[in-house]
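Down below is the structure, laid out as structure tokens.
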Amino acid sequence: MKKRRIGRTDLYVSQICLGTMTWGQQNTEAEGHAQMDLAFSRGVNFLDTAEMYPIPPKAETQGRTETCIGNWMKARGNRDRVVLASKVIGRTNSDWYRGGRPSKLVRADIFDAIDKSLRRLQTDYIDIYQIHFPERPITWGANPTRVGAAPAERLADETPIAETLAVFDELVKAGKIRHFGLSNESSWGVMRFIAESDRGVGPRVASLQNAYNLVNRTFEVNLAEVCEREDVSLLAYSPLAQGYLTGKYDHGARPEGARSTLFNRGQRYETPHAAEALLAYNELARSFGTEPALFANAYVSSRWFVTSNIIGATSLAQLEMALDSAGVTWTEEMQKAVDDIHQRVGNPCP
């Protein structure tokens, strides 16, 4: 398993990162432990989680994923061999994170989040602590294919980026986190955080966790240049487009036990004309004699601007296939065929 450097840090992470958001909801803790055992036996050293997890977010399950990881690291005695990433939630009216009140990216709420995460994870520090999504109201994912009819609302009580970044500076100095990252952020947001850190306000952005897959290549439009020039690593999530790039939902199918069947949360990949685009890529994979899931994961891992591909699985068989994608040789013929479809369908699922 190849290792790649995160930004300008001293962290080297596996090209596959194990995503964890199903543990505590779709998966039991024992199943989560089995996934981590398998992934680490195959050379993975990188876990990504969040205070929000598992998904879908609910008061009664919130935090279970971090607890699962903490129990596994304690049982295996391997904290020093794990690169651990977690996230603080952005602005939300969901009141269960902060004990009965809404949450913002202010000092009291960020400190509350990190201290709870550290307890659940049974560790003194988190290697990469990320803002899960911006506090300002913007389109989810922060990179739409077109803007709305009017500018996004600017909230009167929006927390300034400099104020938020200063809190992360405190966390670094206190030894609670090693590095700072963003998620679901735009080009403007990444550059504003970098500008503030260049002014000496707080830690420099090391990584950006945004969606990237065959039906959402919006990262390439502006963020690829930003991240390459500013040494910010892309941690790509949703390489299988929430399972839609596995082929299991082709032609409107809804298999029993699948995420979209269970939770009806696949709207990002059910936009107009998305079904045709997804089917085209899944059939392309089959034309190369490859399972769609293997093909879609291999595509993401092959991109020069992807530092680590955050994969997810609910079974060990799914995980095996995702891990196998790291060994797929991505060819010019494959890329040309993918680009031919992309030229026709664009980014239907930003």
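Look at the range 321-346: where a residue is without any contact (Cβ under 8 Å) to a residue 40 or more places away in the chain and a partner is small (Gly, Ala, Ser), sitting 6+ places away or on another chain with Cβ atoms under 7 Å, you get Met321/Ala293; Val328/Ala298; Trp330/Ala298; Trp330/Ser302. Within the range 84-94, restricting attention to residues that are open to solvent by less than 10 Å² (accessible area, probe 1.4 Å) and either touching a Cys at 6+ places or on another chain (Cβ under 6 Å) or not hydroxyl-bearing (Ser, Thr, Tyr) (or both), which residue is farthest from Ile55 (Cα to Cα)? In this case the residue turns out to be Leu84.
In this structure, does Tyr97 turn out to be among the aromatic types (Phe, Trp, Tyr), open to solvent by 60 Å² or more (accessible area, probe 1.4 Å), touching a residue at least 40 places away in the same chain (Cβ under 8 Å) and more than 21 Å from Val226 (Cβ to Cβ)? Judged against the criteria, Tyr97 is not a match. Restricting attention to the range 255-271 and to residues that are assigned to a loop (DSSP other than H, G, I, E, B) and either within 16 Å of Tyr212 (Cβ to Cβ) or modelled with pLDDT of 90 or more (or both), the residue that is most open to solvent (accessible area, probe 1.4 Å) turns out to be Glu270. When the range 297-308 is limited to residues that are among the polar types (S, T, N, Q) and in a helix (DSSP H, G or I), the one that is surrounded by the most Cβ atoms within 10 Å (Cβ to Cβ) turns out to be Asn297. One residue is enough: does the range 102-112 have a residue meeting the conditions touching a helix residue (DSSP H, G or I) at 6+ places or on another chain (Cβ under 6 Å) and free of Cβ contacts under 8 Å to residues at least 24 places away in the same chain? Yes - at least one qualifying residue is present in the range 102-112.
Of the strands (runs of 3 or more DSSP E) lying entirely inside the range 1-78, those containing at least 2 residues that are surrounded by 16 or more Cβ atoms within 10 Å (Cβ to Cβ) span 12-14, 16-19, 46-48.
Looking at Leu245, Leu294, just one residue is in a helix (DSSP H, G or I) and in contact with a Phe, Trp or Tyr (Cβ under 7 Å, 6 or more places away or on another chain), and that residue is Leu245.
You will find that of Ile194, Ile126, the residue that is open to solvent by less than 60 Å² (accessible area, probe 1.4 Å) and touching an Asp or Glu at 6+ places or on another chain (Cβ under 7 Å) is Ile194 and no other. Applying the condition of being in contact with a helix residue (DSSP H, G or I) (Cβ under 7 Å, 6 or more places away or on another chain) and either of a type in the set (D, E, K, R) or open to solvent by 30 Å² or more (accessible area, probe 1.4 Å) (or both) to the range 143-161 and asking which residue is farthest from Pro350 (Cα to Cα) yields Ile161.
Only one entry in Phe219, Phe180 is closer than 27 Å to Val83 by Cα, among the aromatic types (Phe, Trp, Tyr), in contact with a Phe, Trp or Tyr (Cβ under 6 Å, 6 or more places away or on another chain) and part of a helix (DSSP H, G or I), namely Phe219. For the range 311-332, the criterion of a residue being crowded, with 16+ Cβ neighbours inside 10 Å, over 21 Å from the mean Cα position of the chain (by Cα) and outside any loop (DSSP other than H, G, I, E, B) is satisfied by no position.
The values are calculated or read from the model by the stated rules, or taken from the named source; none is laboratory data. The structure presented is a predicted model; accordingly, all values stated were derived computationally and were not measured. We place every Cβ from the backbone using ideal geometry, glycine too, and count neighbours over all the protein chains shown. Accessible surface areas use protein heavy atoms only, side chains included; no ligands, DNA or RNA. Shrake-Rupley method; radii C 1.70, N 1.55, O 1.52, S 1.80 Å.
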